[in-house]
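The next block holds one structure in the form of structure tokens; read it before the comments.
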Ligand SMILES: NC(=O)c1ccc[n+]([C@@H]2O[C@H](COP(=O)([O-])OP(=O)(O)OC[C@H]3O[C@@H](n4cnc5c(N)ncnc54)[C@H](O)[C@@H]3O)[C@@H](O)[C@H]2O)c1
């Protein structure tokens, strides 16, 4: 493979992390970063903090930590800004969600209480089950986006930041399909001025970030930055973008189990997935239109991993069903069941049952951190547009027009690490044992 040199800018100075949505995921993320900074906990689940990367041959025994291999911002350099239609500060949100122990949160009370959300660009039309008072006012969507740009500019100035990155950690918006308004930058800007309903609040945040030269990651399944208009804008401003929908919980399990079954050519007759969860995310997903956005994101995973068009006898008739039910007593302690009907040699039937008692935000928080640090790294390497090498983190990875997304977690991890090797001019690792052929 041809080598390319990247001029990697150092990670000097402070990095601002901009978070539309101060809820379960973002408060757990922020509290976790502060806790690790103070030596109160460890960043389990984070590749940027704990992961290693093999370099060269196995005999060379070179396994540096990723954060020592490439220049990444340290946790000490992070500053946080959030927007939310509800005015509670980060300490209150984290306490109410009860994901991290109260005794731990109390030790950080002062610092977390100081993180209060700015008024959000929020419109109930797109998230029907919420209605908070901390909301911006503006005659047009363009005006609202301009207010976000001003918030960002002021935050950068007040905190003396070198760089920023934005990750959408707000609620899942109702289902929207690409339309004319999303087809070009010009149409998008016209639609903002005309208050066109196809422009959702998440798109305004993404627009504000990209216009300000800030990388953007979408942690939710809504369309958001996954449109030609915003992708063109990202290319124009040389901004890296990534999405959609953080891969945690049940889908993480699916993308671990399905590639394994496929690699052994075991067939699947049916996969029934059900979830009960009781946090605000669950409340939002109780609205059928928000659920549709999530359902689309969850359903496509198996189709792409199993490739029924290549293995029709194994996967063509697979019946796949996903259910999400809002059940308040569960809080953030989601429970997901997977009932999988599989078959093997001569059609012999077998079953697999998975009962995952998972804390979604515990799984999502390290992903938000990795995405923020890697997107900032991409920008410092001069990369722009969709960062497919970050598919590892998403349920519905964004890809360039005409390509299909890669969902297999293990291929995604290989791609991520090989991208880092490539950027640093190291040999890619193919796992080919050349010694057999000598
Ligand atoms: N928890 C997970 O593991 C996980 C996994 C994948 C994706 N997600 C997605 O991440 C997002 C956040 O999840 P969560 O569990 O923290 O949900 P949450 O409901 O606790 O937090 C979302 C917050 O976003 C706010 N919000 C809604 N619209 C907004 C807007 N326009 N601007 C600013 N804030 C807005 C809400 O008021 C709420 O406080 C959801 O979209 C969810 O689907 C979460």
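FYI, it's all coordinate maths here, none of it is from the lab. For clarity, every value in this text was computed on a predicted model and none was experimentally measured. So basically every Cβ, Gly included, is an ideal-geometry build from the backbone, and we count neighbours across all protein chains shown.
For the stretch 1-54, name all the residues that are in contact with a strand residue (DSSP E or B) (Cβ under 8 Å, 6 or more places away or on another chain), closer than 17 Å to residue 115 by Cα and more than 16 Å from the ligand (Cβ to nearest atom). Passing the criteria: 14, 15, 16.
Scanning the stretch 332-349 for residues that are loosely packed, with under 11 Cβ neighbours inside 10 Å and not in a loop (DSSP other than H, G, I, E, B) turns up 345, 346, 347, 349.
Taking the criterion of being part of a loop (DSSP other than H, G, I, E, B), under 24 Å from the mean Cα position of the chain (by Cα) and either within 20 Å of residue 202 (Cα to Cα) or in contact (Cβ under 8 Å) with a residue 12 or more places away in the chain (or both), the residues of the stretch 10-44 that qualify are 11, 21, 22, 23, 41, 43, 44. Within the stretch 70-99, the set of residues being within 13 Å of the ligand (Cβ to nearest atom), over 20 Å from the mean Cα position of the chain (by Cα) and part of a loop (DSSP other than H, G, I, E, B) comprises 85, 86, 87, 88, 89, 98. For the stretch 193-201, check the following and say yes or no: at least one residue is assigned to a helix (DSSP H, G or I) and surrounded by fewer than 24 Cβ atoms within 10 Å (Cβ to Cβ). The answer is yes, given that some residue of the stretch 193-201 is assigned to a helix (DSSP H, G or I) and surrounded by fewer than 24 Cβ atoms within 10 Å (Cβ to Cβ).
In summary, residue 207 fulfils each of the numbered conditions (1) touching a helix residue (DSSP H, G or I) at 6+ places or on another chain (Cβ under 6 Å); (2) not in a helix (DSSP H, G or I) with the single exception of condition (2).
Restricted to the stretch 105-122, and to residues that are touching a residue at least 60 places away in the same chain (Cβ under 8 Å) and surrounded by fewer than 18 Cβ atoms within 10 Å (Cβ to Cβ), which residue is farthest from the ligand (Cβ to nearest atom)?
107
Every condition in (1) closer than 28 Å to residue 14 by Cβ; (2) more than 19 Å from the chain's Cα centre (by Cα); (3) part of a loop (DSSP other than H, G, I, E, B) holds for residue 158 except the one numbered (3). Among the residues of the stretch 258-279, those that are in a helix (DSSP H, G or I) and surrounded by fewer than 19 Cβ atoms within 10 Å (Cβ to Cβ) comprise 259, 260, 263. When the residues of the stretch 301-318 are filtered to those that are assigned to a helix (DSSP H, G or I) and surrounded by fewer than 15 Cβ atoms within 10 Å (Cβ to Cβ), the one that is farthest from the chain's Cα centre (by Cα) is 313. For the criterion of being part of a helix (DSSP H, G or I), within 30 Å of residue 190 (Cα to Cα) and either near the ligand (Cβ under 10 Å from one of its atoms) or more than 24 Å from the chain's Cα centre (by Cα) (or both), residue 150 passes. Scanning the stretch 223-250 for residues that are out of contact with any strand residue (DSSP E or B) (no Cβ under 8 Å at 6 or more places or on another chain) and within 13 Å of the ligand (Cβ to nearest atom) yields a total of 1.
Of the numbered criteria (1) in contact with a helix residue (DSSP H, G or I) (Cβ under 8 Å, 6 or more places away or on another chain); (2) in a strand (DSSP E or B), the one residue 364 fails is (2).
Restrict the check to the stretch 199-208 and report whether at least one residue is farther than 16 Å from residue 118 by Cβ and away from the ligand (no atom under 16 Å from the Cβ). Among the residues of the stretch 199-208, not one is farther than 16 Å from residue 118 by Cβ and away from the ligand (no atom under 16 Å from the Cβ), which makes the answer no. For residue 174, the stated conditions hold: it is at negative phi, within 22 Å of the chain's Cα centre (by Cα) and more than 10 Å from the ligand (Cβ to nearest atom). Residues that are in contact with a strand residue (DSSP E or B) (Cβ under 8 Å, 6 or more places away or on another chain) and within 12 Å of the ligand (Cβ to nearest atom): does the stretch 251-274 have at least one? Looking for residues that are in contact with a strand residue (DSSP E or B) (Cβ under 8 Å, 6 or more places away or on another chain) and within 12 Å of the ligand (Cβ to nearest atom), one finds none in the stretch 251-274, hence no.
Residues in the stretch 280-290 that are in contact with a strand residue (DSSP E or B) (Cβ under 7 Å, 6 or more places away or on another chain) and in contact (Cβ under 8 Å) with a residue 60 or more places away in the chain were compared, and the one that is nearest to residue 403 (Cα to Cα) is 285.
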